[in-house]
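Working notes, beginning with the structure itself.
Just so it is clear, none of the values below were taken in a lab; they were calculated from the coordinates. Everything numeric here is computed off the predicted structure, so don't read it as measured data. Every residue, glycine as well, gets a Cβ built from its backbone with ideal geometry; the counts of neighbours run over all protein chains shown.
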């Protein structure tokens, strides 16, 4: 099914809204504890409990409006539900923090496996959106594989070596800014290897 166009601000809101909602909930609840059914929960756990259904609702809304979800979005949603559920069920915030490491490690591993086979799996899911020559796809895939691996390592360093609050700020703003800057930095590559340029030669 072809992806339907929607207002870019609506799309951005659905993609970033859950993360910002989690951040707002964490800031409001981080210094508080709550006793529910005889069990004490920190604010971080309750912020996570709220994030999961918000993420599900936003992803379903995005699918409903566009008629399509990227593989990355589906995998991310599954891991959010699984590790978010473990976080609340076991009352342990580490599960939610390690989710980020697993997501980026998985993406890096899949892309890296494709590179070992001489293929760009990134091109398989994005070539309709970003037409590039094969060499351009291979370069972009190598860069993105290294970038994802770096984010996985960085997440491990931050959640294990810094405060919970530092990790929340990193997840909310650091990761978002990092991904944005990475793709902005690929502008030269995208121009150099644009498929339409190859057709003119």
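Overview of results
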item: Isotropic mean projected area of the C-alpha convex hull, the stretch 90-147 (nm²); result: 4.9
item: The stretch 93-201, Cα convex hull volume normalised per residue, Å³; result: 96
item: Cα-projected label distance for residue 11 with residue 92, points at 7 Å along beta-carbon direction, nm; result: 3.9
item: 0 to 90° range, to nearest 10: angle between helix 175-185 axis and the chain longest Cα axis; result: 10
item: Helical contribution to [θ] at 222 nm, DSSP H n ≥ 4, -39,500 (n - 2.57), averaged over the chain, rounded to 500; result: -25000 deg cm²/dmol
item: Over the stretch 93-201, relative contact order from alpha-carbon pairs under 8 Å, at least 6 apart, %; result: 36
item: Relative exposure of 176, 48, 33, judged by other C-beta atoms within 10 Å (fewest first); result: 33, 176, 48
item: Relative contact order (%) - criterion: Cα under 8 Å, at least six apart; region: the stretch 64-156; result: 31
item: Relative contact order (%) - criterion: Cα under 8 Å, at least six apart; region: the stretch 1-90; result: 35
item: Efficiency of FRET between residue 128 and residue 173 - r from beta-carbon atoms, R0 25 angstrom, step 0.05; result: 0.20
item: Spread of Cα-to-Cα distances over 10 Å intervals beginning at zero, given as percent, for the stretch 33-93; result: 21, 44, 23, 11, 1
item: Per residue, the convex hull volume that the Cα atoms of the chain enclose (Å³); result: 131
item: Pairwise centroid distance, computed over Cα atoms, of the stretch 1-61 with the stretch 106-164, Å; result: 26
item: Debye-sum result for the stretch 30-138 in log10 I(q)/I(0), which assumes one identical scatterer on each alpha carbon, at q = 0.13, 0.14, 0.15, 0.20 Å⁻¹; result: -0.64, -0.71, -0.78, -1.05
item: Mean Cβ neighbour count within 10 Å, used as a protection proxy, ranking 69-79, 100-110, 150-160 highest first; result: 100-110, 150-160, 69-79
item: Chain lengthening between residue 79 and residue 102 when straightened (0.36 nm per residue, less Cα-Cα); result: 7.4 nm
